1. I want the local charge near Gly18. Using Cβ-Cβ distances under 15 Å, sum +1 for each Lys or Arg and -1 for each Asp or Glu among the other residues.
2. Tell me whether the chain comes out rounded, prolate or oblate; compute the Cα gyration tensor, take square roots of the eigenvalues as a ≥ b ≥ c, and use a/c under 1.5 as the rounded threshold.
3. How large is the helix-only mean residue ellipticity at 222 nm for the chain, computed as the sum of -39500 (n - 2.57) over DSSP H runs with n ≥ 4, divided by its residue count, in deg cm²/dmol to the nearest 500?
4. Would you please name the trypsin sites (Lys or Arg not before Pro) within the chain that are DSSP coil residues with at most 13 other C-beta atoms within 10 Å of their C-beta?
Amino acid sequence: MNPVMARLLEAGWGWAAGFKAIVTTGVAAGLWFGRGHLLVRRTGVAFLVLFAAIAAYQVIDLGAA
């Protein structure tokens, strides 16, 4: 469903993992340096909740398989 990750996975797991690591590090750095702003903190918390919900869904879905 994700065309970017699909192409990276076709090139190999290393490319996909590297891309994910770079994006994650960039987002974390942005949140860290912007942590003084209320909007950044609230957005960070919202994305953390969203990530936790997606992770829980995937774990439950894998358990059902």
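1. Values: positive: Arg7, Lys20; negative: Glu10.
Taking every other residue near Gly18 into account, the sum is +1.
2. On the way: a/c = 3.18, a/b = 1.35, b/c = 2.36.
The shape class here is oblate.
3. Working: 3 runs with 57 residues, N = 65.
After summing the helix terms and dividing by the residues of the chain, the value is -30000 deg cm²/dmol.
4. Numbers: sites: Arg7, Lys20, Arg35, Arg41, Arg42; in loops: Arg35.
Loop-located and lightly packed - Arg35.
Here, each number is a calculation from the coordinates, and none is a lab measurement. Keep in mind that this is a model prediction, so the values were computed, not measured. Cβ: placed from backbone, ideal geometry, glycine included. Neighbour counts: every protein chain shown.
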